[in-house]
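The values are calculated or read from the model by the stated rules, or taken from the named source; none is laboratory data. Quantities reported herein were computed from a predicted structural model and do not represent experimental measurements. Glycine also receives a Cβ, built like all others from the backbone with ideal geometry; neighbour counts cover every protein chain displayed.
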Amino acid sequence: MKGKIKRDKFDSILKKWAAEKPLFLPGESGLLEEYGDDFKYDLEKVPVWGGIKEFVFPSRNAVAGKEKFAPGPVILLGVRGCDLNALKGIFDSIMIEQEPVDTVYKSFRDRVTLISVDCNSPAETCFCVSTGGSPYGASGSDLHLSAVKDGYIAEALSEEGKRLLGGVELDEISASDERKYSDRKDAAVKMVKSNFSLDSQKDLIGEKIKNNLNKSYWDEKAKTCMQCGGCNFSCPSCYCNVLNEMSDSRKVLKALQWDSCQLSGYARVAGGATPRPHLWQGFRHRYYCKFSLMQGEFDMPGCTGCGRCIKTCPGEIDMRDTIKGLYE
Amino acid sequence: MNKNPYSPIKAQIKEVIDETPNIKTFVIELEEEMEFSTGQFVQLTVPGAGECPFTPSSKTGKTALMDITVMKAGAATAVLHEKKPSDIVYVRGPYGNGFPLDRLRDRELLIVGGGCGMAPLRSLLHEILSDRNRYPRVIMLYGCKTPRDMLYGDSFGEWGEEFEIHKAADKADSSWDGKQGVVTELFKDIKVDAAKCVAVVVGPPVMMKFASLELSKMGVSDDRIIVSLEKNMTCGFGKCRHCLVGPYYVCKDGPVFEYGQVKDLPDVWD
């Protein structure tokens, strides 16, 4: 099912969807916010802070000690190809496809309906093409929207997507729409490539890292790292977590909480021994994990080129510089 | 319907045995039986203090009773050490691969244990005793810091009747009937067919590293040196990434590995 939603009808459709389930989309803040009256949205701004990770894998939530874990269903609109790749290729793969099934994750995953959009104006930090993605990636989405001059080309990609489009008045897509749409796609890809042009598969970033494990390189690259963990927490592919306890006021529950391999206690064992006692070792591990280990496990790197870690880092560390340096 | 992998089984402490000044064995009774094989581990929750991985030291099989031997090494184990009979803990598992018994049977078996590494080895010794004919010759080398730190001292008499045992203490005293020195010193005292024997080495990382090196020097091939690694196993089933050593998840690909699989991986002995 495919057709054009005219721009003047778009708000009424958002209202209709929001009446069905809470609808979240990028607000003026750049975060996914709940749609409501007089809501001002911005579907162009990237990256969307926080992305969709919090909705499917909350930063801290109970995983044992009660029956039901996920709240009710939601629609997430404005999802990008980079986030979809991480969700499908990394999260679904590790949590659902690999035994044992993480039933708690699955309950959160099953609650989300995903409406993806094209990235027509990628940020200067975007490099999704280098890690195997694209600014108009839609794989794993329920419904995809591509902005054209007077509206959106809408394409249903699942039964849920078809259901959402049911009852929506769709116009014909004109030849001029198709042509302009295709030109915009090409322009977006070109721009993303101009930001960074290594190919994670072809250029074997993981192999480069394995062959460049020396302290001097990584110590130099890590010199402004303050081990805040922001790169991991903002990353749509990172899922490292620790288990601890939380209370729901009646009883103690087992809780799962995001963790960061950049924190000094990450791999520490009882008695204090840690396999990576130095900051540069932990810093290197993040790259080694993403481009070597995860590439091997998931057949894709643990990086979808969203650039959030670059924008987040208070030490102004740019992952692309670290990788480029390995080729110099 | 898939089971929630994070849900633990409630268990009650039945008995607390003081083993050494900083090691205790907790005999626990689970509300549901759990089937585990020797060398596999469980995650034990100390309510309010945290969850830690331990390899049961008791007899394997389907059982509600389990011995968990615990060294006081951190925050959670300090709280656990204060626990008394009838107190409640929680257990989930079992996790990991366990010792490859089919590769240990019908040949000379050299067991090298150090410190709390004796806990999984005790369960292996139980296994061997229950299937005694399949293990023609068992030699055990055991090292501890001081005679007071010797784990399962009461069982050594019984084990000594079945197995060839050599002991070493880093700092011996007049009560000590073994050698003085580190466990690798004991290799000088034994005669094994290095081309055929299998060695199982469990202990602190530095001890496993040097014992494995020593065995290599003796001519034991890397695939016949079996080690059990201890890393930060948080979830136990490959979903949290904490225990990764090179490409291996210690929790599900291990904790038992062939020395050859892991010897050159970064940070493996740290």
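Pull up segment A:207-241, narrow it to residues that are among the basic types (Lys, Arg) and surrounded by fewer than 18 Cβ atoms within 10 Å (Cβ to Cβ), then point me to the one that is farthest from A:LEU32 (Cα to Cα). Selected residue: A:LYS215.
Filter segment B:216-239 down to the residues that are polar (S, T, N, Q) and not in a loop (DSSP other than H, G, I, E, B), then identify the one that is nearest to A:GLN257 (Cα to Cα). The selected residue is B:SER228. Every residue in segment B:240-256 that is facing chain A (nearest Cβ under 9 Å) and assigned to a loop (DSSP other than H, G, I, E, B), please. Passing the criteria: B:CYS240, B:ARG241, B:HIS242, B:CYS243, B:GLY246, B:PRO247.
Just one residue in the set B:GLU161, B:GLU230 is of a type outside the set (S, T, N, Q), surrounded by fewer than 20 Cβ atoms within 10 Å (Cβ to Cβ) and on the phi < 0 side of the Ramachandran plot; that residue is B:GLU161. Only strands (runs of 3 or more DSSP E) whose full extent lies in segment B:39-86 are considered here, and the ones with at least 1 residues that are surrounded by fewer than 23 Cβ atoms within 10 Å (Cβ to Cβ), among the basic types (Lys, Arg) and not assigned by TED's automatic domain parsing to the domain that holds B:PRO120 are B:61-71. In segment A:249-277, which residues are more than 18 Å from B:CYS240 (Cβ to Cβ) and either among the basic types (Lys, Arg) or free of Cβ contacts under 8 Å to residues at least 24 places away in the same chain (or both)? If the condition is that a residue be more than 18 Å from B:CYS240 (Cβ to Cβ) and either among the basic types (Lys, Arg) or free of Cβ contacts under 8 Å to residues at least 24 places away in the same chain (or both), then A:SER249, A:ARG250, A:LYS251, A:GLY271, A:GLY272, A:ALA273, A:PRO277 are the ones that fit.
For segment B:51-59, the count of residues that are modelled with pLDDT under 95, over 18 Å from B:CYS243 (Cα atoms) and more than 10 Å from chain A (Cβ to nearest Cβ) is at least one.
Only one residue in A:LEU263, A:LEU256, A:LEU293 is part of a loop (DSSP other than H, G, I, E, B), within 14 Å of chain B (Cβ to nearest Cβ) and either in contact with a Leu (Cβ under 9 Å, 6 or more places away or on another chain) or modelled with pLDDT of 90 or more (or both). Which one? Before you say what the answer is, go through the steps one by one.
Numbers: A:LEU256 fails: part of a loop (DSSP other than H, G, I, E, B); A:LEU293 fails: part of a loop (DSSP other than H, G, I, E, B).
The match here is A:LEU263.
Check segment A:310-322 and report whether any residue there is more than 14 Å from chain B (Cβ to nearest Cβ), more than 16 Å from the chain's Cα centre (by Cα) and of a type in the set (Gly, Ala, Ser). Yes, the conditions are met somewhere in segment A:310-322.
Would you please name the residue that is nearest to the chain's Cα centre (by Cα), looking only at residues in segment B:2-50 that are closer than 19 Å to B:GLY74 by Cβ and within 11 Å of another protein chain (Cβ to nearest Cβ)? In this case the residue turns out to be B:GLN43.
For A:PRO275, the criteria (1) modelled with pLDDT of 95 or more; (2) surrounded by 22 or more Cβ atoms within 10 Å (Cβ to Cβ); (3) of a type outside the set (Lys, Arg); (4) in a loop (DSSP other than H, G, I, E, B) hold in every case but one, which is (1). When segment A:96-112 is filtered for residues that are under 15 Å from the mean Cα position of the chain (by Cα) and touching a residue at least 60 places away in the same chain (Cβ under 8 Å), only A:VAL112 remains. Taking (1) within 14 Å of another protein chain (Cβ to nearest Cβ); (2) under 20 Å from A:LYS290 (Cβ atoms); (3) surrounded by fewer than 22 Cβ atoms within 10 Å (Cβ to Cβ) in turn, A:ILE90 satisfies each apart from (3). Looking across segment B:39-69, just one residue is among the hydroxyl-bearing types (Ser, Thr, Tyr) and over 21 Å from B:ILE128 (Cα atoms), and that is B:THR45.
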